[in-house]
1. Checking the conditions here, which among GLY64, GLY24 is open to solvent by 10 Å² or more (accessible area, probe 1.4 Å), in contact (Cβ under 8 Å) with a residue 60 or more places away in the chain and under 30 Å from ASP199 (Cα atoms)?
2. Checking the conditions here, which among ARG228, ARG248, ARG258, ARG219 is over 19 Å from HIS109 (Cβ atoms) and open to solvent by 30 Å² or more (accessible area, probe 1.4 Å)?
3. Anything in the range 124-170 that is in contact with a helix residue (DSSP H, G or I) (Cβ under 6 Å, 6 or more places away or on another chain) and either assigned to a helix (DSSP H, G or I) or surrounded by fewer than 17 Cβ atoms within 10 Å (Cβ to Cβ) (or both)? List them, or say none.
4. Which number in (1) out of contact with any helix residue (DSSP H, G or I) (no Cβ under 9 Å at 6 or more places or on another chain); (2) outside any helix (DSSP H, G or I) marks the one condition that ARG178 misses?
5. So in the range 178-206, with the set limited to residues that are among the hydroxyl-bearing types (Ser, Thr, Tyr) and open to solvent by 10 Å² or more (accessible area, probe 1.4 Å), which one is modelled with the lowest pLDDT?
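The values are calculated or read from the model by the stated rules, or taken from the named source; none is laboratory data. Since the structure is predicted, the reported quantities are computational estimates derived from the model, not experimental observations. Note that each Cβ is placed from the backbone with ideal geometry, even for glycine, and that neighbours are counted across all protein chains shown. Surface areas here come from the heavy atoms of the whole protein model, side chains and all, with no ligands, DNA or RNA. Shrake-Rupley method; radii C 1.70, N 1.55, O 1.52, S 1.80 Å.
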Amino acid sequence: MTAAGVDPPQGNSARFAARPLPGGGTPTHVWLGARPQLPELDLAACPEIVVVAAHPDDETLGFGATATMLAELGMHVQVVSATDGGASHPTHSLLQRHRLEQTRRSELHRAVGILGLQTPVSLGLPDGELVTEEDRLADLLTEILATRPPGTWCAATWRGDGHPDHEAVGRAAAAATRRTGAVLIEYPVWMWHWALPDDSAVPWEQAYGVPLSRAAIDRKSRAAQCFRSQFEPSVADPPVLAPFVLRRLLAVGEVVFR
C-alpha cells in the first residue's frame, strides 16, 4: 500500500495510463455507493496554507471548495502553480503554447478570485517535465514555506495521483515540508478517475474528508468554469477535460491524505 508519508518510487502513472479519459473511468455512483467513511479534517487547526498545483486548475478541481472555506474562516490561502500548463494541447506550435500559457495564467487568476483567495504565484516550470525539475521545485517551495508561520499547512497534489507532474509536485512538497516543519496534506485529482473505492493503492487509513458547504461547492463549480481552455475544444484538439470530469469531482467532494 502506498502511504502518504513515504515517497513512492513510481507512483500510479501506469494505472492512470491504463484508463484513458475517453473511457470515463470509475463512475461517480461507484464512488458514492462504496467509499469508506472518513474522519473530518479540522480546518480550524490550520494557521494558514500554501496550496500547490502542478497546473492551473488542479487547485480548483482538487481543493477549491476547501480552500474557499479556509479563506472564509480568515486563513491566508496562497495558491502556487508549478507550471503554466502549456503542454495540455500536444498539437500546438511553440507560439500557440506560449499563448496557451498566458491564457491559463489568466484563467487561474479569475478562478482564485471567485474562490476568494489571494493572487496566485506562478513558478513557470516546464509543463510535462516536473519529474526532472523536482529538486528545483522543492527548493522553490522551501523558500516560500520558510517565510510562513510555524505550523503552516502545505496542500499539494497527491504523490500517488497517477499524473507524473502531480506526483512530482507531491514529492517536492514533501521534501519542502520536511525542511521547514510545515504540515503536508495531499489532495487527489486523477485518483477519482483510475482508482476504486477499495483500491489498495489508495491510503484510506490516512484520508480525511472535508464537510463542504453548499456555498463552497458552488464557488468551486463557478471557478472551474474559468478554465475554458481545458473544457472547450480547440481548432485541432478535443477538450482536454470532458464534462464528466468536473461533474464527478463535484459529486465526490474533497479528500486529503495526511
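1. Details: GLY64 fails: open to solvent by 10 Å² or more (accessible area, probe 1.4 Å).
Only one candidate passes the filter, namely GLY24.
2. Values: ARG228 fails: over 19 Å from HIS109 (Cβ atoms); ARG248 fails: open to solvent by 30 Å² or more (accessible area, probe 1.4 Å); ARG219 fails: over 19 Å from HIS109 (Cβ atoms).
From the options ARG228, ARG248, ARG258, ARG219, the qualifying one is ARG258.
3. VAL131, GLU134, LEU137, ALA138, LEU141, THR142, LEU145, ALA146, PRO164, ALA168
4. Only one criterion in (1) out of contact with any helix residue (DSSP H, G or I) (no Cβ under 9 Å at 6 or more places or on another chain); (2) outside any helix (DSSP H, G or I) is unmet by ARG178, namely (2).
5. The extreme case among them is SER200.
Matching residues to (1) surrounded by 12 or more Cβ atoms within 10 Å (Cβ to Cβ); (2) at pLDDT 95 or above:
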{"position": "PRO8", "(1), (2)": "yes, no"}
{"position": "HIS29", "(1), (2)": "no, yes"}
{"position": "PRO36", "(1), (2)": "no, no"}
{"position": "GLY74", "(1), (2)": "no, yes"}
{"position": "GLN78", "(1), (2)": "yes, yes"}
{"position": "LEU95", "(1), (2)": "no, no"}
